[in-house]
Structures are given as C-alpha cells and as structure tokens.
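The values are calculated or read from the model by the stated rules, or taken from the named source; none is laboratory data. What you see is a predicted model, and the numbers here were worked out from it, not measured in a lab. Positions of Cβ are generated from backbone atoms using ideal geometry, with glycine treated the same way; all protein chains shown enter the neighbour counts. Each accessible area value is taken on the protein alone, full model and side chains, heavy atoms only, with ligands, DNA and RNA left out. Shrake-Rupley method; radii C 1.70, N 1.55, O 1.52, S 1.80 Å.
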Amino acid sequence: MATSTPPAPRTAQGPATTPRPAAPRRRRWSAGSVALYTVATLAALIWFVPLLWAFATSVKPEGETTVMPPSWLSANATFEAYALVLGRGDIVRWTMNSLITTVIVTVLTLVICVLAAYGFSRFDFRGRPGLFALVIGGILIPPQTLIVPQFVLMTQLGLVDTYWGVALPQVVAPVFVFILKRFFDAIPRDYEDAARLDGAGPLRVLWSVILPLSRPILTAVGIFTFIGAWNNFLWPFIVVNDPEMMTLPVGLGTAVGQYGIQYAQVMASAVLGAIPLLVVFLLFQRHIVTGVAGAGIKG
Amino acid sequence: MTQNTHAPAPRTAPGPAAAPRGLVDVRRRPSSWTGLWFVLPFLAFYALFLLWPAVVGFGYTFTDRSLAGGDVSFVGLDNWTESLTDSAMYDSLWNTLWFTVLSVPVMVLLALGLALLTDHARRLGWFLRLSFFAPFVLPVTVMTLIWGWMYNPSLGLFNGTLGRFGIEGPEWLFSEDTAMFSVVVATAWWQVGFNYLLYLAAMQSIPKDVYEAAAIDGAGAWQRIGRITLPMLTRTTALIAVLQLIGSLRVFEQIYLMTSGGPNFATRTVIQYIYDSGFVGLRIGLASSMAYVFMVLIIAASIAQFRLFSRKEG
C-alpha cells in the first residue's frame, strides 16, 4: 500500500464527485502516473486471483485439477462439473431457500425499522427516551452470543427447519433504526406541514413525504440487509438441520463433504454460489458505494 | 415497556424533547399514542428475539439444562465457576484476541492503501472498486471453499506455485504456526472492501480547493497525502478501527469453516467454543454462561472504544 506513487496533478484535481473518468482530454503520462496505474492494476489483478482460480479449476476435467504444478488453462476445458453440480439439484434448492428467507428478512426489516425510526423521530410519547435508549443499547449486544437461547425459543415455537425460523431473529436490527432516525431527523418539517394541511395522516406523511426523500438511505439499508441476510451463516446453520431447508451458504458448507475430492465440482459450486450476489452488486454498484458513504460517514 | 402506554401525554403538551421545534409543529402534534404504534412492531420483534433470549439465557446459566432434554435442576454458580476457570475458555479468548490483534491493523491499513490507490488512479475507478469490493458480497462458504483449495498443502495454488521455484510451502491451515495468519489473510481479502469504501467516500468528500491551494504552494503528491489526506481522515480511521475491532472480536464463521478450530484448537474462537458446548456438548447452561462472559467483554470493549472515539471528536 505504501507503493502508490505520485499522481499526475491533473487527475488529482479531476471532478471528484463523478466516479467515471473525466471527459477524454489529451494528457501526457508522467513516470509517476505510469507507476501508479501499474501498481493499481496489479493490485486489482491480485484481488481477482482467488475468483479466477476457482473458475479455472471448475472448468478443468476432474483428472486435471490435482496435476502439479498447477496450470491456469486446460486444453480440455469443460463445463461438466457445473452440469454435475446443477444436476444434483440441491444448489438450486438452496438458492431458492436463500432467496425466500432473504426477501422476508429484507422486507420485514425495512418495514419495522422505518416505522420505528419515524415514530422516534416525529412523535412524542411517554417513555420515548427510555425506549430509544433501549433500542440503541441493543446495538451493543452481539447476536452471536444469543444462539443457544434463540435456538431453544425456536424449538418451543416449532420454527426449527422453517423459513420463518431462519428469517425472524435476523429482522431485529437496532442499528438501522438509529441510522434511519438520524436521516429522518435531518428532513425539515416544513415539507410535512403542507401535506398535513391537506389532511394527510401520519402514515400518509410517511409514505408520500418522508420515504421519497429518503430513497438513498432506504436503498442502502435494503441492500445491506439483503447482503447480510443472504450471507448469514451462523444462525441458519444452527436453526436448520434438514438439507432441503438449508440456505446457500449453509448448504455449500456441506459441499466439501459431499463432493469429497472432486475439486472441479467443489469450485463449480463455489462459483455458482458467488454468482447471485455478484450480479446484485454489479446492478447496484453505485447505490452500494454511496450507501456505505451515507450510512458510515454522514449517518 | 407497555406500562408507558397507559398515561399518554395531553395532545398539546410539547414534551421536553419537542422544545426546539417550530411552532407549526407543536400545534399539530399528533396524539402520544400514534408514535407508540409506529415503534411497536419493532419493539415486539426486539423483545421476542433479542431481549427475551438474553434474559432467558441468563436464567439458563444457573441450571444444568441440556439440549437433549431431561430434568433441569438449579446448580447455582457452577456454570460460571466452570467457564471462568476453564483453561480452554481462556485459550479460545486468546485466539479471538489474537485474530483481532492481527486483523485490525491489516484491515485498516490495507483499506487505506487501496483507497489511496483508487483515489489517485481515477481512470480505473470503476474497475478498482469492482475488484476490491466484490469479495465482500461473497457468502462466507464460497470464500472458505476457494481459499481452502488455494491453501491445500499438496495440491493448492500457493504451494504449487512455490513448488515451481523449488520452494516447499508451509502447511497453511494445517499447522499451528501458520493457521491463524492464513485465516487473517483470507479474511482481509474477503472483508477489506467495506472499510475501503468508507475510506474512499471520506477521501472524495475532502474539498478539492484544499488540494488546489496546496498544489499552488508547490506541495507534491506525497506531501498532499501526508499533510492533507491523512490528517483529514483521522475521524474516519477512528470510526473504521472501532467497527473493525468489534467485528473482529465476533469472528467465528470463516475460521470454523476453514480450520474447524484446529489444528489442536489453535484457532478455536470463543463463539465456536460456545457453539461446541451448547450444540455438540448439549450443555445449554454452560454455553450460556460462556456467552455471557463473552458478551460482557465485547460490550465493555465497545463502550471503551466509543468513549475514546467521542473524546477524540470533542
């Protein structure tokens, strides 16, 4: 990291807010910027190695995966491993399970956190400071330490091995209440007065005034809830025993045992497991970047 | 928390929190019941899935309750004494701490370095953000399958490549000496993207005229980084360090999947020990007391960090 080199003055002063390169302008490449761009490209390529290696392994015939020294390209590249993994069907099933539980978590989290943040931000009621302090205090509790009593609770509720059992405990995200409340607090109240004069009730004000103004933060919270729920391992791992009900991360964890030393198949399942969220990331890249900025720095 | 609902404040009373608000707002304040209805759904989930387990779990610590069922009897402080005198508990605490000590500086400095690269190599912005952040969205098992395969001592990419140069590579995840380092490296690759984005956003919000003024005064690029960028990132660095510290202390998943806590328990974290005691050993009471010991430590660390952080701000 200490290897970054002096940039050409012009690039450093380019329009900072637009992530795209500035309009093409003729510029000379100084030795410094050549070095900078070389280092940056190398670092990015190194970062791609694990994913590329997983893909390279996954398209080898099984017999070639264990040949030493390792080679990146196979003359007999094949998608056979993918066909075998997909043919078994469980990875499709796990992906569906992940999708269902993740959608439940994301929708419920957004709804209850938005309502709570709105309530704390715009209304006075007895006990509000105490309740808000209670919510904020919840941020400090590491949910990982509650797995045992949470599991016992799920057993008592009969929710082990169900979608609701996977989803419900993940819905409690006090940190999002905090972030959303701070965002709502910053919205000037004048905007709401016009709506109120038109006779809009509190829900109407939330829906047609607050929410449209909060789209960036809602997108960010939504995306991070989605990523977090999709990738959650510990809780689904504990509350699900039935292979049919496993989420993708949990199911893939059993893949090594299932496929044994079939490395092409193990890597094919890893690549397949990586694809859904990589697609989400590519689609929402800009929202994710601004979301981190908004939630982390200003929020 | 429901006892608060019985005594709603009169509609017009502008409670203490409302003092600085505008006149219009005070006049049109909705009844105090309304706000409670909005926070109620969250509070219900919060109470059922977080507070209730926390309270019940505390109760378990005084019993010999087993996950296999059977009679439950009161055992006093036995579980607490056992977890506080168990050397394996201290070993797992140490492993967790060691992972934290190793990972926090790496995750902060690496994120800073990659963000500085991206901030200066503007023309590669999209490509760099893609490659440095993409691993963050991978499920933990995808990451551990790939890195486990690369770390494979006899067939993996690393030792295979070292072998080309006649070097015999280490055992990586299979040696007590290298297992934790290997996990930290894989974790850095996987998770650094979040801190990296935080840094990048902070860098891009530094006003450009500051740099322009420095450039006019003849400051070189390195000087601008040292005199402007880094000082203006102090707050961000503190924030990232706090978040990373708390995150690192909670480590479990990737280590469990890569090493199962081995070799010889050299990488078993506290969370895994809690899991082992509760779900493998079936001793709910003991696992709960361990969880409480650990929870208290994490909360103490978090509060201390936030104190430190807010003092820096003030």
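When you look at residue B:288, is it more than 11 Å from chain A (Cβ to nearest Cβ), part of a helix (DSSP H, G or I), open to solvent by less than 40 Å² (accessible area, probe 1.4 Å) and touching a residue at least 60 places away in the same chain (Cβ under 8 Å), yes or no?
Details: more than 11 Å from chain A (Cβ to nearest Cβ): no; part of a helix (DSSP H, G or I): yes; open to solvent by less than 40 Å² (accessible area, probe 1.4 Å): yes; touching a residue at least 60 places away in the same chain (Cβ under 8 Å): yes.
So residue B:288 does not fit the description; no.
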Exercise. Out of segment B:28-83, which residues are over 22 Å from residue B:277 (Cβ atoms) and either of a type in the set (Asp, Glu) or in a loop (DSSP other than H, G, I, E, B) (or both)?
Worked result: B:28, B:29, B:30, B:31
For this session: Hey, could you check segment A:173-214 for residues that are charged (D, E, K, R) and assigned to a helix (DSSP H, G or I) and say which is least open to solvent (accessible area, probe 1.4 Å)?
Result: A:192
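Just to be sure, is residue A:164 open to solvent by 50 Å² or more (accessible area, probe 1.4 Å) and free of Cβ contacts under 8 Å to residues at least 24 places away in the same chain? Spell out how you get there, then give the answer.
On the way: open to solvent by 50 Å² or more (accessible area, probe 1.4 Å): yes; free of Cβ contacts under 8 Å to residues at least 24 places away in the same chain: no.
Against the criterion (open to solvent by 50 Å² or more (accessible area, probe 1.4 Å) and free of Cβ contacts under 8 Å to residues at least 24 places away in the same chain), residue A:164 does not qualify.
When you look at residue A:217, is it open to solvent by less than 20 Å² (accessible area, probe 1.4 Å), of a type in the set (A, V, I, L, M, F, W, C) and more than 11 Å from chain B (Cβ to nearest Cβ), yes or no?
Values: open to solvent by less than 20 Å² (accessible area, probe 1.4 Å): yes; of a type in the set (A, V, I, L, M, F, W, C): yes; more than 11 Å from chain B (Cβ to nearest Cβ): yes.
Answer is yes for this residue.
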For this session: Report whether or not residue B:293 is under 28 Å from residue B:181 (Cα atoms) and assigned to a helix (DSSP H, G or I).
Result: yes
For this session: Quickly run through segment A:109-153 and pick out the residues that are of a type in the set (Gly, Ala, Ser) and either more than 26 Å from residue A:188 (Cβ to Cβ) or surrounded by fewer than 24 Cβ atoms within 10 Å (Cβ to Cβ) (or both).
Result: A:121, A:127, A:130, A:133, A:137, A:138
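Let's see how each residue does on (1) at pLDDT below 90; (2) more than 9 Å from chain B (Cβ to nearest Cβ):
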{"residue": "A:226", "(1), (2)": "no, yes"}
{"residue": "A:241", "(1), (2)": "no, yes"}
{"residue": "A:285", "(1), (2)": "yes, no"}
{"residue": "A:292", "(1), (2)": "yes, no"}
{"residue": "A:299", "(1), (2)": "yes, yes"}
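Might you let me know whether segment A:128-137 holds any residue that is under 25 Å from residue A:226 (Cβ atoms) and hydrophobic (A, V, I, L, M, F, W, C)? First the steps, then the outcome.
Just the residues of segment A:128-137 that are under 25 Å from residue A:226 (Cβ atoms), to begin with: A:135-136.
Okay, now just the ones that are also hydrophobic (A, V, I, L, M, F, W, C), so A:135-136.
For segment A:128-137, residues under 25 Å from residue A:226 (Cβ atoms) and hydrophobic (A, V, I, L, M, F, W, C): present.
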Exercise. Quick one: what pairs do we get from segment A:78-105, first residue assigned to a loop (DSSP other than H, G, I, E, B), second crowded, with 16+ Cβ neighbours inside 10 Å and of a type in the set (A, V, I, L, M, F, W, C), C-beta under 7 Å, 6+ apart or different chains?
Worked result: A:78/A:59; A:79/A:59
